[in-house]
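FYI, it's all coordinate maths here, none of it is from the lab. Not measured: the values here are computed from a predicted model. Cβ atoms come from the backbone with ideal geometry, glycine included; neighbour counts cover every protein chain shown.
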Amino acid sequence: MGPSSCLLLILIPLLQLINPGSTQCSLDSVMDRKIKDVLNSLEYSPSPISKKLSCASVKSQGRLSSCPAGMAVTGCACGYGCGSWDVQLETTCHCQCSVVDWTTARCCHLT
């Protein structure tokens, strides 16, 4: 996992703490903007072709939530206040608590 992936995994829970009363829709737009800002600030030689980051949240019942084909997990959220999760095969969020009613995966890809 690269430094940018680690930064994204740290950034997502911090943003949720900053504005806990926000709606899912505004959290999505904040996360999209923050991810784009982080990617734009990385030191790299950009290709002449401009890429666009597209993200979506996928909410599922139970302890697993998977991204659509071609997308990768950038963060997870779990129901019942469970803060223990991991990413499996780069595309699936797995909540590790014994009782979880829902799991949300934040999925992104470059287009």
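Cross-link candidates for Lys59: which aspartates and glutamates have Cα within less than 16 Å, leaving aside residues fewer than 8 places away along the same chain?
Asp28, Asp86, Asp101
Can you work out the Karplus-derived ³J(HN,Hα) for every residue in region 70-82? Use 6.51 cos²θ - 1.76 cosθ + 1.60 with θ = phi - 60°, whole Hz, and x for glycine or proline.
Calculated HN-Hα couplings, in order: x, 10, 10, 6, 10, x, 9, 9, 10, x, 6, x, 6 Hz.
How much net charge surrounds Ser57 when only other residues with a Cβ under 12 Å from its Cβ are counted (Lys, Arg +1; Asp, Glu -1)? Please report the intermediate quantities before stating the final value.
Working: positive: Lys59, Arg106; negative: Asp28, Asp32.
Cβ neighbours under 12 Å give a net charge of 0.
Taking 0.36 nm per intervening residue step and subtracting the Cα-Cα distance, what contour gain separates Ser60 from Leu89 on full extension?
Contour length minus the Cα-Cα distance gives 8.7 nm.
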